[in-house]
Amino acid sequence: MGIKVKSIGLIGLGVLAGIGMSLQFPAVAQKITNAPLPLDELRQLSDVFGLIKSDYVEKVEDKKLLTEAISGMVSSLDPHSVYLDKNAFKEMRESVQGKFVGIGIEVSMEDGYVKVVSPIEDSPAAKAGILAGDLITRLDNIPLKGLQLEDVIKKMRGQPGSKLVLTMSRKGESKPLVFPIVREEIRVQSVKAKMVAPGYAWLRIAQFQEPTVDDMVKKINALYAQDPKLKGLVLDLRNDPGGVVPGAIGVATAFLPGNSVIVSTKGQLPESKQVFYGRREFYAPPGAKADPLAKLPAALKTVPLVVLVNAGSASASEIVAGALQDYQRATVIGTQTFGKGSVQTLRQITADTAVKLTTARYYTPKGRAIQARGIVPDLLVDETAEGDGWNSLRVREADLEKHLSSNDGKPEAAKPTMEGMQDQLEEEQRLIATAKKRKPLEYGAKDDFQLQQALNHFQGLPVQLAKVDPKAEKIGAKPEIASDIKADDKKIPVQKP
């Protein structure tokens, strides 16, 4: 859709843009390279620093200037590389544990306005009725225009139980919307499950966290206790922004033969060229004495499987969907995923700060690039019988400014012409008007259209397919894994699950 997002932050959740990442916490603060320093450019930086110190209208602290210089340098690379100050670094470390303090909302800074990327499922923001695409104009009646995203985030933070009033602007609404919200500690429920029809189960993963694999095992065993002869299982990854990679490897491994290749990575450093297998050392928590997947019923390896995805399925959820699709273990149903196929590594700089740096790209077991491509479902099915609703208006990775290319040699979608942009705008207005008439979608409910189509697929009934999106990448290509990724590489990546 060509929407440009300049910077992205999160309130009450430590994952930027709702997009998952792999984490590394090396003890070293700096890596020494043999590359010569660009002395002329460093002199320019020193000159500008001195100029600001001597001529700026008011005094500026050295720490602020240098911190902002580091932040700007890192954020100029791609949408997911970022410098983390003390508070942001603390939130990042807490995020993988699945508990946060805030209102539960992902936000971005777009053209000077604070835009809602997505409310977190079951959070105060979601319960209040805040929607993706809403613009936050005021906090406690204080205008936000002109503030930096970091300053806005600080204003949104507070103690559990304290109140915050958000004034929002929403497309299609002539008047501002006001949402009083109470801050609270948010515990994201990573895994949900239930029987949705006789013989058929629904397993939803909202985000990949440290406890996800253990929680999944408990939920699956509970399902099989209800019905030991399951005829089909729906793995719901819609609006799953990703999270920690070991969780994704564990979930995919639960449905695949042991020792299967789940995902590979490729980057500049030798250690970034990795192959991740469906083995305990790749998904079990550090120090775990037993294989968490050992307690799963053997029938899970062969039960008919459908994976539901949409434009909000990103990173770790794309790893799972891509692996299950490559092995033809599952039928992927829904709409094209977000396309966040890059690895972010957390390099600790000081005891309280770090840089989250993009270090590699992800590839499916058959070598398909996920970055800026996403996973195209086997069966394209809209969110509702009438169309794809709000999901069709969501920003994807390829829409982000400075996004990393797929590096697979295939051209990206051409930018729309003026005529095309006008048609697109008219279509967006139509979709907004239609979506406003619908009540919010509850995943797993009886009126969940995509879930019902998944059940139809299991039962051999007709599946209502979406109109084919000509921009979507066609599936079926079967490239081999990049030749410089060693298929027999058994080293365990240094990643914190």
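The values are calculated or read from the model by the stated rules, or taken from the named source; none is laboratory data. For clarity, every value in this text was computed on a predicted model and none was experimentally measured. FYI the Cβ positions are ideal-geometry reconstructions off the backbone, even for glycines, and counts take in every protein chain you see. The accessibility values were calculated without ligands, DNA or RNA, using every heavy atom of the protein model including side chains. Shrake-Rupley method; radii C 1.70, N 1.55, O 1.52, S 1.80 Å.
Things to note:
- Any chance GLY129 is of a type outside the set (Asp, Glu) and under 15 Å from VAL182 (Cβ atoms): yes
- The single condition among (1) more than 30 Å from ALA88 (Cβ to Cβ); (2) open to solvent by less than 10 Å² (accessible area, probe 1.4 Å); (3) part of a loop (DSSP other than H, G, I, E, B) that GLY367 does not meet is (2).
- Wholly within the stretch 1-113, strands (runs of 3 or more DSSP E) carrying at least 3 residues that are at pLDDT 85 or above: 82-84
- Near pairs, Cβ below 6 angstrom, 6+ apart or cross-chain, from the stretch 202-222 (closer than 20 Å to LEU455 by Cα) to any residue that is in a helix (DSSP H, G or I) and aliphatic (A, V, I, L, M): none
- Selected residue (criterion: least open to solvent (accessible area, probe 1.4 Å)) from residues of the stretch 118-137 that are assigned to a loop (DSSP other than H, G, I, E, B) and touching a helix residue (DSSP H, G or I) at 6+ places or on another chain (Cβ under 8 Å): ILE120
- Index of the failed condition, ASP236 passing every other in (1) crowded, with 24+ Cβ neighbours inside 10 Å; (2) acidic (Asp, Glu); (3) over 18 Å from the mean Cα position of the chain (by Cα): (3)
- Members of the stretch 345-355 found to be modelled with pLDDT of 90 or more and open to solvent by less than 10 Å² (accessible area, probe 1.4 Å), listed by number: ALA354
- Residue check: LEU431 meets all listed conditions (1) in contact with a strand residue (DSSP E or B) (Cβ under 8 Å, 6 or more places away or on another chain); (2) surrounded by fewer than 14 Cβ atoms within 10 Å (Cβ to Cβ); (3) at pLDDT below 70; (4) closer than 29 Å to ILE120 by Cα but one, namely (2).
- Screening the stretch 244-344 for strands (runs of 3 or more DSSP E) wholly inside it with 3 or more residues that are open to solvent by less than 30 Å² (accessible area, probe 1.4 Å) and closer than 28 Å to ASP78 by Cα returns the ranges 261-267, 274-277.
- Strands (runs of 3 or more DSSP E) completely within the stretch 138-226 that count 1 or more residues being in the same structural domain as ALA314 (by the TED database), open to solvent by less than 30 Å² (accessible area, probe 1.4 Å) and of a type in the set (Ser, Thr, Tyr): 200-205
- Filtering THR335, THR345, THR265, THR350 for residues that are touching a Leu at 6+ places or on another chain (Cβ under 9 Å), more than 23 Å from LEU233 (Cβ to Cβ) and touching a residue at least 60 places away in the same chain (Cβ under 8 Å) leaves a single hit, THR345.
- Checking each residue in the stretch 445-474 for being at pLDDT below 95 and touching an Asp or Glu at 6+ places or on another chain (Cβ under 7 Å) picks out only ALA466.
- You will find that of VAL395, VAL355, the residue that is in the same structural domain as GLU318 (by the TED database), assigned to a loop (DSSP other than H, G, I, E, B), touching a residue at least 12 places away in the same chain (Cβ under 8 Å) and of a type outside the set (Asp, Glu) is VAL395 and no other.
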